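Below: one structure, written as structure tokens.
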Amino acid sequence: MRVLKRTLSTLVAAVIFLALFACCGIPEGPGERPTEPTATQSPPAQTVSPEVIKTPEPTPEPTPEPTPEPTPPPPATLKMCVLGDVLVHNTQLTDAYNREDGTYDFTHCFRYIKEHVSQADIAFCQLETTFGGGPNFAGYPNFNTPDEMACALSDMGIDLLGLAGNHVLDKGYSGMVRTLDTVKAAGMTPIGAYATQEERDKSSGIVLMEQNGIRVAFLAYTYGTNGIPLPSDKPFVTNLLYTDYLTNLSVLNKDLILADLSAAKAMEPDLIVTIAHWGSEYATKPNKFQQEAAEFLFENGVDVILGSHCHVPQPYERRTITTVDGETKDVFVSFCLGNLISAQTYDYTNLSAMLNLEFEMDPLTREVVLTEVSYIPIYTVKASEGSDYHVLPIHDGITSYETDGEPPISSSLYNSLLKGLKDLHSILGPEGDPMYSPPDTQ
């Protein structure tokens with residue numbers, strides 16, 4: 001019994017040992033081969049070499065299309081046509097008078113230049129007479145012209161009419177006021193004369209015009225009034241360039257001019273233009289007072305000066321100047337264009353030009369540049385030379401004669417046109433005439 005119990009104990013111990021071995025995986029002894037995994041065992045983890053691991057390439061972001069640069073707006077342009085002085089002498093009154101109905105008609109005077117003038121954005125000329133009312137119309141020395149001349153100027157295309165001149169008071173204050181009313185009724189804007197102090201104060205005597213987005217401030221001054229003092233109770237009637245306007249014409253009216261220019265700048269124009277009725281009659285070159293006045297105007301902010309009064313052409317020129325504020329800029333002055341129309345017979349008084357100024361403005365910076373200066377030579381044909389008083393482009397007249405075209409040109413007028421063209425080129429310079437052909441030097 002003891003043997004059987006011992007044998008059973010031994011068997012029980014062996015069974016327990018084998019159960020423990022199977023469950024706990026007792027390690028093999030040294031030198032023994034590892035056992036193959038059974039179906040119930042997981043295979044050992046595999047170690048992968050770093051060279052074998054491949055990180056997937058990131059998907060590239062799509063390249064955005066470049067934003068196109070905005071197309072800059074085109075420059076704004078302004079075309080200005082500048083003409084000379086309008087005088088109406090007694091022989092012109094006779095020429096324009098219709099005896100059948102007692103009326104006047106001056107439209108024929110400008111029939112050959114109307115197409116050109118009307119194409120300008122702003123057309124200007126200077127009035128050297130008054131519209132004081134009839135029936136006592138007269139020429140020099142106290143001009144009084146029928147209202148039909150205002151209608152003819154407007155019909156030609158004039159937008160701005162200068163009244164600050166030495167004849168502004170030829171028919172007194174009442175005649176000046178009527179002139180203002182007549183000019184306005186004809187559809188033009190007057191500048192340089194005022195009916196009331198309030199009228200002048202409203203704009204400081206400045207006319208602000210805007211064309212094609214370009215703002216232009218116009219000012220106008222006259223050297224004097226032919227010895228007629230301004231009414232003591234109406235000193236506002238016109239703008240004086242000189243304080244000694246009754247005597248020496250040498251002391252610039254600086255206080256008035258500076259005040260007006262300050263008011264003009266406050267309007268924030270793109271261009272400041274001053275109309276100056278000045279200079280020595282029948283002189284084809286500017287005098288020292290014109291030069292001094294031009295320098296003062298430019299230094300204090302004026303960009304363009306348009307001169308009148310001398311009855312004969314004077315040169316024009318570009319300049320580069322430095323203002324009192326230290327700004328360096330380009331400016332332009334036309335000292336005088338002579339008479340647009342008159343019956344004067346002195347040398348060069350029948351010669352003039354249609355001056356064409358073209359400006360461009362950068363719409364972003366609002367900088368204005370004078371891009372082109374040119375002129376069309378013109379000649380006043382008198383009744384003794386043709387059918388009536390009229391303004392004729394010189395090149396057209398020369399071509400008409402040489403081709404038997406229109407209008408008919410006599411041989412004497414043809415020779416006058418040839419001489420006139422040569423004289424005008426000598427004064428203004430031929431380069432500004434687009435139809436000028438240099439002589440063949442070969």
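The values are calculated or read from the model by the stated rules, or taken from the named source; none is laboratory data. Predicted model only: the values in this text are computed from it and were never measured. Methodologically, a virtual Cβ is constructed for each residue, glycine included, from the backbone with ideal geometry; neighbour enumeration extends over all protein chains shown. Only protein heavy atoms, including side chains, enter the accessible area calculation; ligands, DNA and RNA are left aside. Shrake-Rupley method; radii C 1.70, N 1.55, O 1.52, S 1.80 Å.
Accessible surface of the chain, 1.4 Å probe: 54 percent of it comes from carbon and sulfur atoms. Calculate how many DSSP beta bridges within the chain are antiparallel, expressed in % of all such bridges and rounded to the nearest 5. Percentage antiparallel, nearest 5: 60. Note on the chain: dipole from Cβ charges, positive end direction compared against 130, 282, 363; the farthest Cα belongs to 363. Bridges between two residues of the range 112-244, per DSSP, are antiparallel at a rate of about 50%. Note on residue 107 and residue 412: their simple-model spin labels are 3.1 nm apart, each label 7 Å out from Cα toward Cβ.
Once both labels are positioned 7 Å from their Cα atoms along Cα-to-Cβ, the gap between residue 94 and residue 266 label points is 5.3 nm. Quick one: Debye curve from the C-alpha atoms of the range 90-179, no solvent, what's log10 I(q)/I(0) at q = 0.12, 0.13 Å⁻¹? Log10 I(q)/I(0), no solvent term: -0.38, -0.44.
In the chain, taking the dipole from charged Cβ atoms about the Cα centre, the farthest positive-side position among 403, 212, 345 is held by 212.
Sort 161-169, 85-93 by packing, meaning the average of other beta carbons within 10 Å per residue, with the highest value first. Let's see the in-between values first.
Numbers: 161-169: 25.6, 85-93: 21.6.
Highest mean packing first, the order is 161-169, 85-93.
For the chain, the solvent-accessible area of protein heavy atoms averages 53 Å² per residue (probe radius 1.4 Å; ligands and nucleic acids excluded).
Label-to-label distance for residue 362 and residue 319 is 2.5 nm, based on points extended 7 Å past Cα in the beta-carbon direction.
Between their Cα atoms, which of 329/419; 254/422; 114/419; 79/171 are more than 30 Å away from each other? It would help to have the intermediate numbers written out before the result.
Values: 329/419 37 Å; 254/422 39 Å; 114/419 24 Å; 79/171 35 Å.
Going by Cα-Cα distance, 329/419; 254/422; 79/171 fall outside the 30 Å limit.
Long hydrophobic helices in the chain, taken as whole DSSP H segments with a C-alpha length of 24 Å or more on their own axis and mean Kyte-Doolittle hydropathy at least -1.0: 2-24, 411-428.
Quick one: check the C-alpha center-to-center distance for the range 64-92 versus the range 152-217, whole angstrom. Centre-to-centre distance over Cα atoms comes out at 22 Å. Its DSSP H runs of at least 4 residues, each contributing -39,500 (n - 2.57), put the calculated 222 nm mean residue ellipticity of the chain at -8000 deg cm²/dmol, to the nearest 500.
Heavy atoms only, probe 1.4 angstrom, no DNA, RNA or ligands counted: give me 232, 334 ranked by accessible area, highest first. Could the numbers behind the result be given before it?
Details: 232 120, 334 5 Å².
The ranking, largest first, comes out as 232, 334.
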